[in-house]
Amino acid sequence: MRVLVTGGAGFLGSHLCDALLAEGHSVVCADNLLTGRMANLEHLLDEARFEFVEQDVCRAFDPGKIDYVFHFASPASPADYLKHGIETLQVGSAGTLNCLELARQHHARFLLASTSECYGDPLEHPQRESYWGHVNPVGPRSVYDEAKRFAEAATMAYHRYHHMDTRIVRIFNTYGPRLQINDGRVISNFMKQALRGEPLTVYGDGLQTRSFCYVSDEIEGILALSRFSEHLPVNIGNPREFTVLESAQVVLQVTGSKSTVLFEPLPQDDPKQRKPDITKARALLGWEPKIELRRGLELSLEYFRGAVQSLSS
Ligand SMILES: NC(=O)c1ccc[n+]([C@@H]2O[C@H](COP(=O)([O-])OP(=O)(O)OC[C@H]3O[C@@H](n4cnc5c(N)ncnc54)[C@H](O)[C@@H]3O)[C@@H](O)[C@H]2O)c1
């Protein structure tokens, strides 16, 4: 296949490009480098089956004949989407419609990278795909949450009205090499602080929970979904739940750091609990994550050391 990956210079998009190339496909990556980095793709630039196009996907473009569109373009971390609120709304709405139209013109399949943020601050725990969510439509995070909810609605509309072959993956918190060191999320924050010997910042009492999926597990799940005919959303994430304080302990053990913990006030709309119910992915795709947090952090340690070093140089 010839595959278009939007947002391919980002954390997940670049791992997806690697995995698609390893499966023998040709990959066109379209990215405007808003939050992504060419460094994530450096190792692919000599690859004959790989092409990079610097492109804002909110604007019309035609990458030539394509068989599959993986639409991953969007700021993803709270730090990025709060800084680029309007761009986040644009890429989720105009960008998604544009990419759906592109897929329709080429009779290509389409997979949307959606998010657990569609569930907002959930009243149902763990979150099943059938839960419609508890989202504040006018809060600071709404630029991301509502953009993704619109993107899901647009994807379902192209499936229903144009009979397009579409998929929606609801990605839960994923980490691993190439995660932006300054993205403000739990793992990158803690790894950075631990490796610098600074106190680990815990918001609130640290008893709020998170689940963390290692990147190779996440990409395997996404590819399994891309091959399976299910049009409604499917959660892909790791259901093992950690309190933020527990995850701080694991980071301290893996890094061997002597850092302490510093408590700060909870930001507005910070979700208290986040844990995927992956019954659907297990049943449909036979997929489940294999790499537990400690192992995933060990696999990421060298990357984080390098990223911390380049921050200080
Ligand atoms: N990483 C996670 O834990 C996570 C969780 C849930 C959902 N997701 C989704 O997965 C996708 C990728 O996330 P990520 O963590 O790799 O983020 P990232 O910021 O590393 O990558 C996003 C990429 O999209 C590009 N981009 C943004 N706006 C664009 C535009 N208008 N045109 C072209 N390119 C544009 C950025 O430059 C960047 O390379 C996003 O859609 C995100 O919402 C990620």
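Values for this structure:
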| read-out | value |
| --- | --- |
| Members of the stretch 40-69 that are over 23 Å from the mean Cα position of the chain (by Cα), over 15 Å from A19 (Cα atoms), open to solvent by less than 90 Å² (accessible area, probe 1.4 Å) and away from the ligand (no atom under 16 Å from the Cβ) | G64 |
| The stretch 213-222, residues that are under 13 Å from E292 (Cα atoms) and open to solvent by 10 Å² or more (accessible area, probe 1.4 Å) | Y214, S216 |
| Complete set of residues in the stretch 70-85 that are part of a loop (DSSP other than H, G, I, E, B) and either surrounded by fewer than 24 Cβ atoms within 10 Å (Cβ to Cβ) or modelled with pLDDT under 95 (or both) | S77, H84 |
| Some residue of the stretch 149-171 being open to solvent by less than 30 Å² (accessible area, probe 1.4 Å), polar (S, T, N, Q) and modelled with pLDDT of 95 or more | yes |
| Conditions (1) within 12 Å of the ligand (Cβ to nearest atom); (2) surrounded by 22 or more Cβ atoms within 10 Å (Cβ to Cβ); number of the one not met by L20 | (1) |
| Flag if E198 is among the acidic types (D, E) and within 30 Å of G256 (Cβ to Cβ) | yes |
| Residue among S229, S247 that alone is buried (at least 17 other Cβ atoms within 10 Å of the Cβ) and either part of a loop (DSSP other than H, G, I, E, B) or not β-branched (V, I, T) (or both) | S247 |
| Residues of the stretch 254-313 satisfying the condition of being touching a residue at least 24 places away in the same chain (Cβ under 8 Å), in a helix (DSSP H, G or I) and within 30 Å of R128 (Cβ to Cβ) | T279, K280, A281, L284, L285, L293, R294, R295, G296, L297, L299, S300 |
| Residues located in the stretch 136-193, provided they are charged (D, E, K, R) and touching a Lys or Arg at 6+ places or on another chain (Cβ under 6 Å) | D165 |
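The values are calculated or read from the model by the stated rules, or taken from the named source; none is laboratory data. Note that this is a predicted model, so its numbers are computed, not measured. Ideal geometry is used to build each Cβ from the backbone, glycine not excepted, and the neighbour counts take in all protein chains shown. Accessible surface is based on the protein model in full, side chains and every heavy atom, while ligands, DNA and RNA are left aside. Shrake-Rupley method; radii C 1.70, N 1.55, O 1.52, S 1.80 Å.
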